[in-house]
Amino acid sequence: MGKNTISLRGKNILGLEDFAPEEIRLVLETAKEMKNIIHRDIKKVPALRGKSIVTLFYEPSTRTRTSFELAGKYLGADVVNITASASSIVKGESLRDTLYTIEAMGVDAIVMRHKAEGAAEYASHVASPVILNAGDGAHAHPSQGLLNLFTIEQHKGRLAGLKVAILGDVLHSRVARSDIQGMRKMGMEVHIAGPKTLLPRFLADEPGVVIHERIEDAIKDADVIEVLRIQLERMKGGLFPTTREYARIYGLNEARLALAKDDALVLHPGPMNKGWEISPAVAYSTQSAIQEEVENGVAIRMALFTLVLTGGKQE
Ligand code: CP
């Protein structure tokens, strides 16, 4: 596919299953330019002047919502935030009517987080603004998957051929699903480990994914280790004995990190349960890129807005 034929203009960003490797490449290259803007004294360009964006969050968020908001503002768009708990949703307004209401105000893009899997896709069918999925249940978190790829490539200079270990609560993790799709498309080797009760069945049929019983085997010689948050809020019953037991068997600590390559990069989507899935020493070590993931999240979301709302420079 020629460079100039790729355009994401008007594309709904629902999950990385909908992305070709060339499209992921376009987002990563655009994010590099966007990161330069973030580092300027005056972080403001007129690329999206006259465009309006609404963030619509039915679930809590610190990183994703703030970074989408800043991304839009740095590009000159008008950004309005709707939090479900402070909107007419508490009066019983349906998702469909909420989307119609936002659409009627002439909005160009809606960034949406919802507890239901498929909610973003549903929104893309009923509303005309471009939909950017900021997380739908355990299904997908595409911008997080892209920012992880971006962070890895910034450190390693490449993606293809790298070994990544994804550890922990895959069952409830939309981040893990987007990571697996994005990483496989970019030629990375994906290894997974965690309690059996937290590994979803689909993994067994996922091509190119290696599942390990012991996390030490997944970590061995890894270039990248991504630790997932234990999502207690999504667990109905006890899926592991205690958090202390979890930390002992599955937590990433300094001894386990030493099994990976010396320059292995540590990622975590946040927020972290420090002392459970990751030790504070590892979370704040020189190998941790967890804070950098947050900064890169702004660059990736700037890239997505630019590409879906204007087509970027490729047109
Ligand atoms: N990584 C992530 O989605 O974090 P938030 O829930 O704070 O947005």
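Read-outs throughout are calculated quantities, based only on the coordinates presented, and are distinct from any laboratory measurement. These figures come from a predicted structure and were not determined experimentally. Cβ sites come from the backbone with ideal geometry, for glycine too, and all protein chains shown count toward neighbours.
Below, the figures for the structure above:
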| quantity | calculated |
| --- | --- |
| Stokes-Einstein translational diffusion, the range 203-315 - Kirkwood Rh over all Cα pairs, 0.692 mPa s, 37 °C, in µm²/s | 203 |
| Among I42, I102, I89: highest mean-square fluctuation, GNM of the chain, C-alpha pairs under 10 Å | I42 |
| Dmax and Rg, reported as Rg then Dmax, of the range 129-198 (C-alpha, Å) | 12.6, 40 |
| Nearest 10 degrees, 0 to 90: helix 21-38 Cα axis against the chain principal axis | 80 |
| Cα-projected label distance for E206 with M272, points at 7 Å along beta-carbon direction, nm | 2.3 |
| Ordering of 135-145, 25-35, 211-221 by burial proxy (mean other Cβ atoms within 10 Å per residue, highest first) | 135-145, 25-35, 211-221 |
| Mean residue ellipticity (222 nm) of the chain, computed from DSSP H runs ≥ 4 via -39,500 (n - 2.57), nearest 500 | -11000 deg cm²/dmol |
| Members of K32/K156; K51/K73; K51/K185 lying beyond 20 Å, as alpha-carbon distances in this model show | K51/K185 |
| Whether the range 21-81 is rounded, prolate or oblate, judged on the alpha carbon gyration tensor where a/c under 1.5 counts as rounded | oblate |
| Residues Y74, Y284 arranged by fewest to most Cβ contacts within 10 Å | Y284, Y74 |
| Kirkwood hydrodynamic radius of the range 123-170, from inverse mean 1/r over distinct Cα pairs, in Å | 13.3 |
| Relative contact order of the chain, defined on C-alpha pairs under 8 angstrom at six or more residues apart (%) | 22 |
| Alpha carbon convex hull of the range 72-125, volume per residue in cubic angstrom | 101 |
| In the range 52-131, trypsin sites (Lys or Arg not before Pro) in a DSSP loop with at most 16 other beta-carbon atoms within 10 Å | K115 |
| Cα gyration tensor shape for the range 227-273, rounded if a/c is under 1.5, else prolate or oblate | oblate |
| Nearby lysines by direct alpha-carbon distance to K91 (threshold 21 angstrom, same-chain neighbours under 8 apart not counted) | K115 |
| Helix 174-185 vs. the chain, principal-axis angle (Cα, 0 to 90°, nearest 10) | 90 |
| Cα gyration tensor shape of the range 163-267, rounded if a/c is under 1.5, else prolate or oblate by comparing a/b with b/c | oblate |
| ³J(HN,Hα), Karplus 6.51/-1.76/1.60, whole Hz, each residue of the range 39-46, x for Gly, Pro | 8, 6, 4, 9, 8, 8, 10, x |
| At 0.692 mPa s and 37 °C, Stokes D of the chain from Kirkwood alpha-carbon radius, µm² per second | 165 |
| Between helix 63-74 and the chain: long-axis angle, C-alpha atoms, 0 to 90°, nearest 10 | 40 |
